[in-house]
Amino acid sequence: MFSKILIANRGEIALRVLRACKELGIQTVAVHSSADQDAMHVRLADESVCIGPPPSRESYLNIHQIVAACEITGADAVHPGYGFLSENAKFADILEAHGLTFIGPTAEHIRLMGDKITAKKTAEQLGIPVVPGSEGEITTDEEAKKVADEIGYPVIIKATAGGGGRGMKVAHNADELSIALATARSEAGAAFGNEAVYIEKYLAKPRHIEIQVMGDGEGNAVHLGERDCSLQRRHQKVWEEANSPSLNSAQRSEIGEICAAAMRKMKYRGAGTVEFLYENGEFYFIEMNTRLQVEHPVTEAITGIDLVHEQIRVASGGGLSVTQKDIRFSGHAIECRINAEDPRTFVPSPGTITHYHPPGGLGVRVDSGVYQGYKIPPYYDSLIGKLIVHGRNRVECMMRLRRSLDEFVVDGINTTIPLFRDLLANPDIANGDYDIHWLEKFLARKD
Ligand code: ADP
């Protein structure tokens, strides 16, 4: 087992990883930018190192500084959290070259899945159903038109290096196609430094359903069920739940086993998420994330398994603590992403939290690094916490969520808490009857 882990992240996820390390008796090192010196994970870590000024590229993305911090403190492994360097294969390679363990998959697997065209091909070879679309990169209008004619309109053009819901363009007919292709290519080039795009059938009313997997790197792997992340704004998740209101246990086992088998074949190591769109009873792979996800706590709530413990175990060569038959799904969990944003316009709202009182009680978990008097810096994403609520069934979970939101006090800044209160009052949400476009329509109606 590792003796000291450096946490290469900030905010709620840095604290989340720190908690797991403490439970496992592992020393922690926090790294932070000069804007984050008052952050909770910095205060609670055994040691901390300032790795640069506020901009991420000079601090949280600064590989050189992070490796230096490992050397100064004697850390033997790095947990990257999500975002920042968590899916950076070069970072994994560099750590390895310095004799440090990257708590995540191999650099090779990160590269494979980081390129979405390759990821889709790999998924298909591993027996995972994929969205119909182009075989590979599309560069000319003629190629695009040929593929679109075959699969039928509407189609979506996506960046192979895409992420965070960026670099996607929908075309409803041949006229829109060439403009969509040109804009998608130039946007992808500007955002990701890679113009390569591909085409997929644009599904009209899918749900976003993803499968949590965990592998030991030796050919053993399990799935931990699904998360339904269909409530999205601008392709970004806002509310996640497990189990999905639209799957039964036979469907869950079937798709879960397909993913676990694929991970066994790959000899995948660590936590991963296989993302699908789900429509008319069919699953269509869209991408795989080779890291811990923001919404992992809903899976922890219904399985009782600490995914960060598992990641650390596997990275240290200790293997998985569970086999598939040990994994049981109990009750229902929902996560609300609490952002420091206006609940209507989603304009970021950095500033000082003047009063803070998180909800508590049975089945309520708040993952957040904020506290009363904490000043939210304007440099990073606006997620300031996550409220995760568990109940024996969906009705109980929603009941508990409603009262938790009423209890939650965050004064001094705007947050998305009022949005979740509105969602809970909506009959479609109560019935679990929503697809990936539902939230955008709901927000448009409310304006
Ligand atoms: P990113 O890596 O940027 O998050 P994804 O491929 O995971 O991109 O897609 C993000 C979201 O975009 C999906 O959850 C879904 O809402 C939408 N989307 C992606 N592909 C399609 C598609 N083929 N049809 C309809 N919606 C799509």
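The values are calculated or read from the model by the stated rules, or taken from the named source; none is laboratory data. None of these values were measured; they are calculated from a predicted model. Cβ sites come from the backbone with ideal geometry, for glycine too, and all protein chains shown count toward neighbours.
Things worth noting here:
- Residue-level analysis places residue 104 outside the set of residues that are within 16 Å of the ligand (Cβ to nearest atom), part of a loop (DSSP other than H, G, I, E, B) and touching a residue at least 24 places away in the same chain (Cβ under 8 Å).
- Filtered by the rule that a residue be away from the ligand (no atom under 13 Å from the Cβ) and not in a loop (DSSP other than H, G, I, E, B), segment 181-214 gives 181, 182, 183, 185, 186, 189, 190, 211, 212, 213, 214.
- Scanning segment 327-353 for residues that are assigned to a strand (DSSP E or B) and closer than 27 Å to residue 45 by Cα yields 335, 336, 337, 338, 339, 351, 352.
- Lone qualifier among 356, 379 - being in a loop (DSSP other than H, G, I, E, B), modelled with pLDDT of 95 or more and within 25 Å of residue 14 (Cβ to Cβ): 379
This table checks each residue for (1) under 21 Å from residue 292 (Cβ atoms); (2) of a type in the set (S, T, N, Q); (3) outside the structural domain of residue 315 (by the TED database); (4) within 15 Å of the ligand (Cβ to nearest atom).
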residue	(1), (2), (3), (4)
130	no, no, yes, yes
149	no, no, yes, no
155	no, no, yes, yes
170	no, no, yes, yes
173	no, yes, yes, no
226	yes, no, no, yes
232	yes, yes, no, yes
240	yes, no, no, yes
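- In the set (1) touching a His at 6+ places or on another chain (Cβ under 8 Å); (2) away from the ligand (no atom under 16 Å from the Cβ), residue 254 fails one condition alone, (1).
- Counted residues, segment 109-121 - those being surrounded by 20 or more Cβ atoms within 10 Å (Cβ to Cβ) and hydroxyl-bearing (Ser, Thr, Tyr): 0
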